[in-house]
1. Tally Lys/Arg at +1 and Asp/Glu at -1 over every other residue whose Cβ is under 13 Å from the Cβ of Leu84; what's the total?
2. Output the Kirkwood hydrodynamic radius of the chain, Cα pairs only, in Å rounded to one decimal.
3. To the nearest 20 Debye, how big is the dipole of the chain about its Cα centre, given +1 on the beta carbon of each Lys and Arg and -1 on that of each Asp and Glu?
4. Which percent of the accessible area of the chain is formed by carbon and sulfur heavy atoms (probe 1.4 angstrom)?
5. May I have the convex hull volume per residue, in Å³, for the Cα set of the stretch 1-66?
6. What is the count of Lys pairs in the chain whose alpha carbons sit under 12 Å apart, if the two are 8 or more places apart or on different chains?
7. Could you sort Val56, Val3 by their accessible area in this structure, using a 1.4 Å probe and putting the largest first?
8. Once the other residues with Cβ under 9 Å from the Cβ of Asn44 are scored (Lys, Arg +1; Asp, Glu -1), what is the net sum?
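The values are calculated or read from the model by the stated rules, or taken from the named source; none is laboratory data. Remember, it's a predicted structure, so these values are computed and weren't measured experimentally. Cβ atoms come from the backbone with ideal geometry, glycine included; neighbour counts cover every protein chain shown. Please note that ligands, DNA and RNA were not included when accessible areas were found on the heavy atoms of the full protein model with its side chains. Shrake-Rupley method; radii C 1.70, N 1.55, O 1.52, S 1.80 Å.
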Amino acid sequence: LIVREISFLRDSYNIRLLNEGNLPILFCRNEKWKHNYNGVYNGNKYCIEEIKKNYVIIKNDILIAKWIRVEHFSFTEEDSFEILDSCNELEFIVSMCLIIYQKEINKRNPS
C-alpha cells in the first residue's frame, strides 16, 4: 500500500508492506524543488534522487537501482528500471519504483 500525503510545497509517501510488523515506512521529500526522498527501512537508509531527468535508488550510499527515461521519439514512453541482483528487499524496491513512476506520470500529464 502506497499513500501520498501532500502539504504546502512538500509531499511524502507512506509505504506499508504486507509483512510481520506491517509498520509504515515514511519517505519524505528532502528538498522543495526536487523529487528527492529519504526513508529508513530495516535499519538501512534509502534515498530516491532525481539526477538529470533520471532517478536513482540508493541504499546506505550505494546505488542499487535506477530508472532511465528513454529520450528518443516514440509513440509509447518505454522507460526502464534496472535493479541490482544483490537486492534482497525486492518488494520495497519495487514500491520505490512505483513512487518514481507516479511522479513521472504526473510530470508528463499535469492535471
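1. -1
2. Kirkwood radius, the chain: 14.7 Å.
3. Values: 15 positive and 16 negative charges, 103 e Å.
Rounded to the nearest 20 debye, it is 500 debye.
4. Heavy-atom surface of the chain belonging to carbon and sulfur, 1.4 Å probe: 56 percent.
5. 95 Å³
6. For the chain, qualifying lysine pairs total 7.
7. I get Val3, Val56, largest accessible area first.
8. +1
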